[in-house]
Amino acid sequence: MDILGPEILRIATNLSVLLTLLSLLLLAFIIVIRLRSEWRATHSSRYRHRVEPLVAGFVTGRRAADEVAPELGRDPDEALALLMQVSEHLEPSDRPKLQPLFALLPVKTDLREQLKHRQWEKRLAAAERLGYLGDHGTVTELIAALKDEVLVVRFAAARSLVALRTADAVDPILLAFDVPGELNERRTAEILHEMGSDAVAPLLDVVRNPGGKYSESVLNVASRVLGMLQAKEAAAPLSALLDHPEFRVRLNAARSLGAIGDRSTLTAAAKLAADPSWEVRNAAVQAIGKLHGTAEIDRLVAALADSAWWVRFSAAQALFSLGEPGITALKTSARDAADRYAREMSTQVLTEHGALPSGAQS
């Protein structure tokens, strides 16, 4: 131990010195990162304070693009972030006014290269930003990004394609998110809805489903979007889906037909009031109400005795929405229906709407 003692002391001293140096290096690194972050924040704040009024002046027509261009060129990355933020605060109809400024930024080449970067964060940032540039020359790369291994990158690429209103991208977007599940279908539908009327024609091709090419999930999304867009021309192909073997396809078709409001589809939609799935029956009775189906009052009265509470409630609400004929049927049901649940639901809805005669409540 006498021999090892000084050696151990020397090793411990050296180790202590090494740890101290490493601590000092780490502290210096943290300070540099902190200072750099603070400098960037200060620079960003000053840059935006200087440039934002110029951008606002351009949007309102008080400044020309060549007056704004020099400031944008001083920091293209910061300028891009600023223009993206301004774009999000504008009404959709006003956003195209910013396109001449986006076109001035020398960032397109770098962003296209970043779409292939090994770091997914870089690919995500590029996919998000390319849509703002308004350059249809990037469509091919964005469609390729729909196959990215990282889901959020695919969603960002889809949003950019939608921002470019690229109708040819509708089919690739649907196929990129061809995964069963309510949340996924809803999210995909919300993205495609932003494309507006430009999405209608390709979506019609999907719901017609030539050769059974598309899965139930894809049909669900396409049906949803057509309903959200209230595309009148979708009434016939959606009606054809009411006989689909998958209940969720029938469900989304019925919902969309109700949203579209084409009364020629009433009879076909009303037949689903007897569907094996309570969700489909619920959508069918809701559609009858939205399609002003006074000819289907008997179906709605029958649905007041459905085994599912939601179907009974939707049927009662649909009857009330039909005006006097439906309200009369509800009052008759509240008084005379053989089924207790039908009487209770009729009474409940009439009471909610203040339409039950005084003293008639049980």
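Since every read-out is calculated from the coordinates, none of them should be taken as a lab result. Keep in mind the model is a prediction, meaning the values are calculated, not measured. Heads up, the Cβs are rebuilt from the backbone with ideal geometry, glycines too, and the neighbour counts pull from every protein chain shown.
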- Query: Quick one: what does P(r) look like for segment 162-221 with 5 Å bins over all Cα pairs, in whole %?
  - Reply: 4, 21, 33, 27, 14, 3, 0
- Debye equation applied to the C-alpha atoms of segment 283-362, log10 I(q)/I(0) at 0.14 Å⁻¹: -0.35
- Task: Kindly point out which whole DSSP H helices in the chain project their C-alpha atoms 15 angstrom or further along the helix axis while averaging a Kyte-Doolittle hydropathy of 0.0 or above.
- Result: 4-59, 76-89, 151-163, 216-228, 247-260, 309-321
- Query: So which residue, out of Leu101, Leu219, Leu35, gets the largest mean-square fluctuation from a GNM of the chain using Cα contacts under 10 Å as springs?
  - Reply: Leu35
- Sorted from fewest to most neighbouring beta carbons within 10 Å, what does the list Asp243, Asp171, Asp66 look like? Asp66, Asp243, Asp171
- Query: Which residue fluctuates the most in the chain, going by a Gaussian network model with Cα springs under 10 Å, if the choices are Ser223, Ser256, Ser37?
  - Reply: Ser37
- State the label only: which of (i) 42; (ii) 66; (iii) 55 corresponds to percent of Cα pairs over 26 Å apart computed from the shown model? (ii)
- Note on the structure: Relative contact order in percent for segment 68-134 (Cα pairs under 8 Å, 6+ apart) equals 33
- Query: Residues in segment 69-100 near a label at Val152, defined as backbone nitrogen under 19 Å from the 7 Å Cα→Cβ point?
  - Reply: 81, 85
- Note on the structure: Expected max-MSF residue from Pro202, Pro76, Pro92 in the GNM of the chain (alpha carbon, under 10 Å) is Pro92
- Sparse-neighbourhood loop sites, GluC sites (Glu not before Pro) in segment 206-263 - DSSP loop, at most 16 other Cβ within 10 angstrom: Glu246
- Item | Label-point separation in nm, Ala41 to Asn184, each point 7 Å along Cα→Cβ | 4.0
- Query: Residue by residue, what Karplus-based ³J(HN,Hα) values in Hz, rounded to whole numbers, does segment 168-175 have, using 6.51, -1.76 and 1.60 with θ = phi - 60° and x for Gly and Pro?
  - Reply: 5, 8, 4, 4, x, 5, 4, 6
- Item | the chain, relative contact order in percent, only Cα pairs under 8 angstrom and at least six apart counted | 7
- Inter-site label distance for Ser277 and Tyr341 at 7 Å from Cα along Cβ, in nm: 2.0
